[in-house]
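Here is the structure we will look at, set down as structure tokens.
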């Protein structure tokens with residue numbers, strides 16, 4: 001009986017999370033394009049005065065040099081977590097791990113590339 | 001005497017009702033004045049103007065009175081940058097043709113609308129957690145932290161021609177905002193708005209105080225320059 005209750009509770013919790021989950025396209029539009037650009041080429045509206053230009057997400061060569069784990073870490077903990085720019089902030093308070101994983105897959109579609 | 005008092009009271013309450021009307025009607029056409037804030041990105045994308053339901057926790061009343069009479073743009077790329085960009089030669093640029101302006105109010109209306117806005121304080125709890133620590137920061141150190149160590153310049157202007165464009169300009173921030181609000185919002189933008197465009201950079205208490213001090217100095221400098 002208690003295990004059934006826990007199962008129901010888990011189901012309820014996961015469905016709430018699923019409801020709150022945004023699509024990677026919407027998250028990219030809301031939080032990423034301001035720097036990485038509406039076409040993902042790193043030419044966002046904020047890029048003008050930056051000392052380090054934002055990553056071009058359509059650049060298969062540089063994007064294939066980063067593992068999914070590295071991309072996940074950069075989004076979640078910010079650029080400095082992978083020895084890159086402070087201008088890339090951590091999004092851990094904004095996005096769930098699941099949403100970040102979805103964004104990593106979204107980036108793979110943008111670059112049309114895999115790691116390695 | 002009694003009659004004068006009654007007339008005065010009636011007049012006062014009628015004016016208050018009228019201003020509540022402006023807030024509920026004209027302001028509420030674009031601003032969220034009742035809360036809660038947008039819970040989904042779909043709702044965020046539909047926002048026409050900043051939330052005002054916690055205006056009394058956020059703004060300085062004297063700034064509201066003055067700005068409402070002579071409104072200027074605070075967010076260079078509008079409420080949601082994604083709606084106001086076009087692809088130019090060097091990359092995305094602001095499409096100014098899509099930006100709208102805020103109507104100007106008379107002095108009397110601005111004064112009473114500001115007074116009504118200041119009553120909206122659902123987040124006293126968040127404000128009460130913050131304490132402004134006395135101290136100073138040199139403009140040079142502040143700017144270095146803002147640009148290089150913390151990376152805030154990515155999204156915010158610290159002078160009209162330097163910085164990012166998606167966030168609100170910050171050289172006027174301390175003129176606009178209450179000190180505790182600045183501390184609280186830097187500490188956790190998501191406590192105010194879970195879908196905020198501003199990330200939580202997990203700043204230490206010391207850095208939060210430093211940035212608020214820098215913004216205070218910056219606003220004074222910007223005001224002096226005018």
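Residues that are within 25 Å of residue A:46 (Cβ to Cβ): which helices (runs of 4 or more DSSP H) entirely in region B:21-137 hold 2 or more of them?
B:41-46
Can you name the residue in region A:20-40 that is free of Cβ contacts under 8 Å to residues at least 24 places away in the same chain and at the interface with chain B (Cβ under 7 Å from one of its Cβ atoms) and is also farthest from residue B:198 (Cα to Cα) among such residues?
A:39
Do we find a residue being free of Cβ contacts under 8 Å to residues at least 12 places away in the same chain, in a helix (DSSP H, G or I) and surrounded by fewer than 18 Cβ atoms within 10 Å (Cβ to Cβ) anywhere in region A:91-106?
No, region A:91-106 contains no residue that is free of Cβ contacts under 8 Å to residues at least 12 places away in the same chain, in a helix (DSSP H, G or I) and surrounded by fewer than 18 Cβ atoms within 10 Å (Cβ to Cβ).
Search region A:61-86 for residues that are more than 21 Å from residue A:99 (Cα to Cα) and pair each with any residue that is surrounded by fewer than 18 Cβ atoms within 10 Å (Cβ to Cβ) when their beta-carbon atoms are under 7 Å apart and the residues are at least 6 apart or on different chains.
If the second residue must be surrounded by fewer than 18 Cβ atoms within 10 Å (Cβ to Cβ), the pairs left are A:85/A:52; A:86/A:80; A:86/B:149.
Please specify each residue of region B:201-214 satisfying the condition of being surrounded by 19 or more Cβ atoms within 10 Å (Cβ to Cβ) and at the interface with another protein chain (Cβ under 9 Å from one of its Cβ atoms).
Hit for region B:201-214 is B:201, nothing else.
Looking only at region B:62-102, which residues are under 17 Å from residue B:173 (Cβ atoms) and either buried (at least 20 other Cβ atoms within 10 Å of the Cβ) or touching a helix residue (DSSP H, G or I) at 6+ places or on another chain (Cβ under 9 Å) (or both)?
Answer for region B:62-102, where residues must be under 17 Å from residue B:173 (Cβ atoms) and either buried (at least 20 other Cβ atoms within 10 Å of the Cβ) or touching a helix residue (DSSP H, G or I) at 6+ places or on another chain (Cβ under 9 Å) (or both): B:62, B:63, B:64, B:66, B:67, B:74, B:75, B:76, B:77.
Can we say residue B:171 is assigned to a helix (DSSP H, G or I), touching a residue at least 40 places away in the same chain (Cβ under 8 Å) and under 25 Å from residue B:72 (Cα atoms)?
Here the answer is no, as residue B:171 does not meet what is asked.
Among the residues of region B:174-191 satisfying the criterion of being in a helix (DSSP H, G or I) and within 13 Å of chain A (Cβ to nearest Cβ), which is surrounded by the most Cβ atoms within 10 Å (Cβ to Cβ)?
B:185
Looking at this structure, is residue B:133 loosely packed, with under 12 Cβ neighbours inside 10 Å and in the same structural domain as residue B:205 (by TED's automatic domain parsing)?
no
For residue A:85, state whether it is more than 14 Å from chain B (Cβ to nearest Cβ) and surrounded by 15 or more Cβ atoms within 10 Å (Cβ to Cβ).
no
The values are calculated or read from the model by the stated rules, or taken from the named source; none is laboratory data. Quick caveat: nothing in here was measured; it's all calculated off a predicted structure. Using ideal geometry, Cβ is built from the backbone for each residue, glycine included, and neighbour counts are taken over all protein chains shown.
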